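First the structure, which I've put down as structure tokens, then a few questions once you've had a look.
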Amino acid sequence: MSLSIFTLLILLLPLNVVSQDFQGKAFYFSKSTMDLGNFGARMSEAQKKQIQAGLKNRLEKTYILTFNKEESFFEEDEKLDAMSGATDSWGKNFSPGKQYKNVKTNSLLQSQEFYGKQFLVEDKLLEIAWSMGSETKKIGNYTCFKATATIPVADLEWYNFSWSSMSQKEDDSVKTTEVIAWYSPQIPVSQGPLEYWGLPGLILEVNVGNTTMLCSKIVMNPQEKSTIEAPQKGKIINKKDYQTTIAGKMMEMRNNRGRRRN
């Protein structure tokens, strides 16, 4: 990082945020597009819109990140799901659960439910080799800087499952994706949504693949502080073993379906 950029970062730090005793809440809206591939080429625009509408509760999500200088707690805003009346029992098996990150201890604890069984995924924070640039833009009232990284897809979606990922494991190939993040040093915490962290400011926007996650609202030092605690219930397991568990269960389900057809 050049001296001029470093100096600018320091100048952007508001005194009230630098205080050791502070807390904030960041509200994120996540939107994904769906690639229908060759199948979509044979569909009318009306049919495509109908499919997108039917999957809206999977493609559009709202999350809340509660953070302080060292810790954060990330969760989906379940209140909005309750208001919409949308249910997606299948999708919840492969969605990120409530996540606790501690940048001081380099630890992650994430609560995951898979077909009614509760797991507590305990692991280290994802190592991300960020490349920081000088490009800036405004997100709300905050000046943000651009950072990029190339990350294995499996490291970002370890709670998910796809048959294509199974075939990739068989041929030992590693699929990677480019991540673009926008962070603001005006909020000098090394936190962000999902797996993302490690920048000299709160990450307010993430672009990866067909998904954009954007911070729509920030509340600094709310009058009513929230307790940031790691989830505690569930069978303790690490990310790798959790992926193995999911893959085994999916193979078992597929084999059972095959037996019933015979």
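Since every read-out is calculated from the coordinates, none of them should be taken as a lab result. Bear in mind the structure is a predicted one, so any value in this text is a computation, not a measurement. All Cβ positions, glycine included, derive from the backbone under ideal geometry; neighbour counts span all protein chains shown.
Taking neighbour Cβ counts within 10 Å as the exposure measure, how do M213, M132, M251 sort from fewest upward?
Lowest to highest Cβ neighbour count: M251, M132, M213.
I've got another one for you. If you rank V179, V219 by fewest surrounding Cβ atoms within 10 Å, what's the result?
Fewest to most other Cβ atoms nearby, the residues stand as V219, V179.
Evaluate the distance, in nm, between pseudo-label points positioned 7 Å from the Cα of E78 and of M253 along their respective Cα→Cβ axes.
2.1
Related question: Starting from the amide H of T177, placed 1.01 Å from N in the peptide plane, find each other amide H under 5 Å away whose residue is 5 or more places distant or on another chain.
Those qualifying (amide H under 5 Å, at least 5 residues apart or on another chain) are I151, V153.
At a 10 Å Cβ-Cβ cut-off, how would you order T105, T177, fewest neighbours first?
Placing the least packed residue first, the sequence is T105, T177.
Then there is this: Listed here are the pairs K146/K249; K25/K124; K146/K225; K117/K240; K69/K117; K138/K233; which of them are more than 28 Å apart at the Cα?
Flagged as over cut-off: K146/K249; K146/K225; K69/K117; K138/K233.
Please compute the length gained on full extension between K225 and T212, using 0.36 nm multiplied by the number of residues separating them and subtracting their Cα-Cα distance.
That works out to 1.8 nm of additional length.
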